[in-house]
Amino acid sequence: MIQIENLTKVYQMGESEVRALDGASFDIDKGEMVAIMGPSGSGKSTLMSIIGCLDVPTSGKYILDGVAVENLDEAKLAEVRGRKIGFVFQQFNLLARTSALENVMLPLTYAGVSGKERQDRAMKALGRVGLAERMYHAPNELSGGQQQRVAIARALVNEPAILLADEPTGALDSKTGVEIMELFQSLYKDHGQTVILVTHDSYVARHTNRIIKLSDGQIVSDEVNANPIKAGMPRTEV
């Protein structure tokens, strides 16, 4: 699904160069649930931007679902983003005066999908995240966890190759965060969705089956998590 080889990203800061990524290499197979971890300044946000086709590397190779991404122009990157990637962010980014159903339909509207198919696919996506009964409610009529579920349904509605989530529980209380992690695990286990979580939170990372750790733009570990936290278990710190 993802092949990354010797990826570098260099930013010019005045007369100095900053190597946000410095030779990162890894593969992610279809149907994996992976966490990319690192502290602030580790390069994880830069790596997420490249994986999400929001940016291109300075050098190295990135193949996403058979598409070589590293040399694409902005128009092609946007096309790949729309077809291959579903984004989930810490802030829900929902349209305030628009129902959950209409929020989820929005990517399909941009993609030119017809009205009936657009509605059917949005209703299916909301059903997958457990919100079929709340589809006509506006965001201010939903809890924070329900709003994040709407955002996840919106990310799923185009049937993306990967679901890419950036600190997806960061704006939620701990109980609701557990429920959202349960949803991600269900999408991975029950639907075979490829899920990549970008986080600084070790508790979130421990729900996944593999943890890639970054430091100073380099991968310092890439380990299988043999005993992921089971969905629904209360949060405990280590």
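Couple of notes before you dig in:
Conditions (1) in contact (Cβ under 8 Å) with a residue 60 or more places away in the chain; (2) of a type in the set (Ser, Thr, Tyr); (3) more than 27 Å from Ala171 (Cα to Cα), marked per residue:
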residue: Thr98; (1), (2), (3): no, yes, no
residue: Pro107; (1), (2), (3): no, no, no
residue: Ala111; (1), (2), (3): no, no, yes
residue: Ala122; (1), (2), (3): no, no, no
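- Taking first residues from region 68-93 that are without any contact (Cβ under 8 Å) to a residue 12 or more places away in the chain and partners that are not in a loop (DSSP other than H, G, I, E, B), the Cβ contacts under 9 Å between residues at least 6 apart in sequence or on separate chains come to Ala68/Lys61; Ala68/Tyr62; Lys76/Val67.
- Selected residue [in contact with a strand residue (DSSP E or B) (Cβ under 7 Å, 6 or more places away or on another chain), touching a residue at least 12 places away in the same chain (Cβ under 8 Å) and at positive phi] from Gly192, Gly217: Gly217
- Among the residues of this structure, Ser202 counts as one that is in contact with a strand residue (DSSP E or B) (Cβ under 8 Å, 6 or more places away or on another chain) and over 29 Å from Val67 (Cα atoms).
- Residues of region 135-144 classified as crowded, with 18+ Cβ neighbours inside 10 Å and out of contact with any Lys or Arg (no Cβ under 8 Å at 6 or more places or on another chain), total: 2
- For region 65-87, the criterion of a residue being closer than 30 Å to Pro228 by Cβ, more than 17 Å from the chain's Cα centre (by Cα) and charged (D, E, K, R) is satisfied by no position.
- Candidate set: region 74-105, residues that are part of a helix (DSSP H, G or I) and charged (D, E, K, R); chosen: the one surrounded by the fewest Cβ atoms within 10 Å (Cβ to Cβ): Glu74
- Taking residues in region 43-57 that are among the small types (Gly, Ala, Ser), and partners anywhere that are part of a helix (DSSP H, G or I) and surrounded by fewer than 21 Cβ atoms within 10 Å (Cβ to Cβ), the pairs with Cβ atoms closer than 9 Å and at least 6 places apart or on different chains are Gly52/Arg81.
- Conditions (1) in contact with an Asp or Glu (Cβ under 6 Å, 6 or more places away or on another chain); (2) at pLDDT below 90: number failed by Gly145: (2)
- Region 132-168: number of residues that are touching a residue at least 40 places away in the same chain (Cβ under 8 Å), assigned to a loop (DSSP other than H, G, I, E, B) and touching a helix residue (DSSP H, G or I) at 6+ places or on another chain (Cβ under 7 Å): 6
- Among (1) in a helix (DSSP H, G or I); (2) among the small types (Gly, Ala, Ser); (3) in contact (Cβ under 8 Å) with a residue 24 or more places away in the chain, the one test that Gly60 misses: (1)
- The residues of region 1-39 that are over 14 Å from the mean Cα position of the chain (by Cα), charged (D, E, K, R) and either within 11 Å of Tyr62 (Cα to Cα) or part of a loop (DSSP other than H, G, I, E, B) (or both), listed by number, are Glu5, Glu15, Asp27, Asp29, Lys30.
- Test for Thr176: is it in a loop (DSSP other than H, G, I, E, B) and closer than 15 Å to Gln91 by Cβ: no
The values are calculated or read from the model by the stated rules, or taken from the named source; none is laboratory data. On a predicted model such as this, the values are computed, not experimentally measured, just so you know. Quick reminder, even Gly has a Cβ in these numbers, built from the backbone with ideal geometry, and neighbours come from all protein chains shown.
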